[in-house]
Each structure stands twice: as structure tokens, then as C-alpha cells.
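What follows is one structure encoded as C-alpha cells, with my remarks underneath.
What follows is calculated from the coordinates using simple rules that are stated; it is not laboratory data. Predicted, not measured: the structure shown is a model, and the values here were computed from it. Every residue, glycine among them, receives a Cβ derived from its backbone with ideal geometry; neighbour counts consider all protein chains shown.
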Amino acid sequence: MVIKRPQPIAEQVISLLRTRIRGREYGNGRLPSESELAAELGVSRATIRTALARLGAEGLVSRKQGDGTYINQRILDVQTHIGEIWEFTRLIRVRGYEPTIIPLGIQQRPARKYEAEALCLAPLDEVFSVNRLFLADEKPFVLSENVMTLSLFCTDEMNLDATYSLHEFTERYCGQSIAYAIARIGSVVATPELAGHLRVNVGFPLLHDVETFYNKDEQPLIYANNYYNDKVIEMRLIRSSK
């Protein structure tokens, strides 16, 4: 049995305000005052100040002395923030396209050496490899392979639904929640296999990221290889100073 500790109040407030801001719930581009937010949420003004300071460090808001807290509209127009995990379907939808997931197969096989190292497995331990193609308005955008430790699965289902989001898939079939991911981003040229899936020429430049996803106990859950055709959707990142 794992004892789950409640999330600190400040973290709950940060999460709520972040969700509201990204959902564009403050139509005038300005947040309520500290005292208004404290009264609405039933917390202290010190908690609100802590939350706003964090959101300011993330670049979501800027605070003007004596004038209030304003939402950084430019930040909202960029789809990917370092430190936040976005599902591909959400990323596609936010950019104004209709997402489609095409499952390419789920395979049980021995882990490759680099997968075993990333997932802290013994050589040749069994894994599930989940392969999917994400389309934006019917154009192939991301080819994704997610490799998961077989022992994590807590279901006897044979027909796993690969159209679930990555978070939903791991929660439904593994009883696990993703806490964070570490990514390496680079570039590759399309092999014949990649070119066939992404409908590009062999040798076409692709964005490539390799991610390892972890739970709150620092246990690696997923090793992912993702290949992007950023001519379909341009990938942009936000970086903020702390």
C-alpha cells in the first residue's frame, strides 16, 4: 500500500490558476487582486503571492507594482512549455488542427539494450512497445513509439486501446500516474520506414526527441521515441528564467 500525501495548498492554487490562465478564463488579460483571489479560494494572501511568483517565473504572468497582475498573451500563443508535459492531441488541437491517432501496433518483445538501461531493467526483460501515428488535419505529424515495462501492467486485457492519451493509457492499464519526463531533443533524417509513415522523402530532416517518463517514486515508466515533421506544425518552446 502506498500512502498518498495531499498536495500542498500553494501547489493546488498554482495548478488552478495555471489551468484558468491557459483556458483563457480571464478574458481581460488581468488577474483579480491578491485579496480577491484569497477570498475566493479561501487561502491567505501569502499563499496567493507564492502562487503568482511561481507563475511569474514560468512566464505566464507579469506583475506591475501598484497596478496588478497581467497575463502574458504571447506565452499563451506558444504551445509547449519546458517543464510541462503536453499530449500530442492537445498540442495539435491548440494549434487549430483536428487530431487523429492511428494505432500502428502493440508488440510484446525483449527490451533493447538502451531501453533496458533507461527503464532500469535487466537485459532482455519483456516490454510492451506501443506505436502510434498522430495526424493534424489528416497530415502525419508525429510518429511515436512508447516502450513500457511489462511487469507494470495490472490488466489481463489483450486488446489494449492505443487511442488513449499516454496519461490515460498508463493509468488505465498500469495503475500508474506520470509525474515528469526527461527529454533529449535532436534531429535525424528520415529512413525509409520513417519516410513511409510521415509521408516525406527519405533523407527529409525530422525533429527527434527521446523521453523517459517517471512516476512520483522516481520509477521509470515509459521510454519514448518521437519523430516530428515540424513542417506540419512548427514546434516552439518557452524558456523562463527562475
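Please give the contour-minus-distance gain from Ile102 to Ile185: 0.36 nm per residue of separation, less the Cα-Cα distance, rounded to one decimal in nm. Don't skip to the end; give the middle numbers.
Working: separation 83, 0.36 × 83 = 29.88 nm, distance 2.36 nm.
Contour length minus the Cα-Cα distance gives 27.5 nm.
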Item to check | Value in Å of the Kirkwood radius, where the chain supplies the Cα pairs that are averaged | outcome: 20.2
Item to check | Inter-probe distance in nm under a simple model that places probes 7 Å from Cα toward Cβ, at Arg24 and Ser151 | outcome: 4.7
Next on the checklist: Largest first, please: the extent of the C-alpha atoms of region 83-145 along each principal axis, to the nearest Å.
Outcome noted: 43, 29, 12
Checklist entry - Given Ala53, Leu221, Met148, which one lies farthest toward the positive end of the charge dipole of the chain, if we put +1 on the Cβ of every Lys and Arg and -1 on the Cβ of every Asp and Glu? => result Ala53
Checklist outcome for this item: Looks like region 9-70, by Cα gyration tensor root eigenvalues a ≥ b ≥ c and the a/c under 1.5 rounded cutoff (else prolate when a/b is bigger than b/c, oblate otherwise), is rounded
Item to check | region 125-199: trypsin sites (Lys or Arg not before Pro) in DSSP loop, at most 16 other beta carbons within 10 Å | outcome: Arg199
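Normalised by the number of residues in region 82-238, what is the relative contact order in percent for Cα pairs under 8 Å and 6+ residues apart?
Numbers: 309 pairs, mean separation 35.2, N = 157.
Here the relative contact order equals 22 percent.
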Checklist entry - Given the rule -39500 (n - 2.57) for each run of at least 4 DSSP H residues, summed and divided by the residues of the chain, what is its mean residue ellipticity at 222 nm, to the nearest 500 deg cm²/dmol? => result -7500 deg cm²/dmol
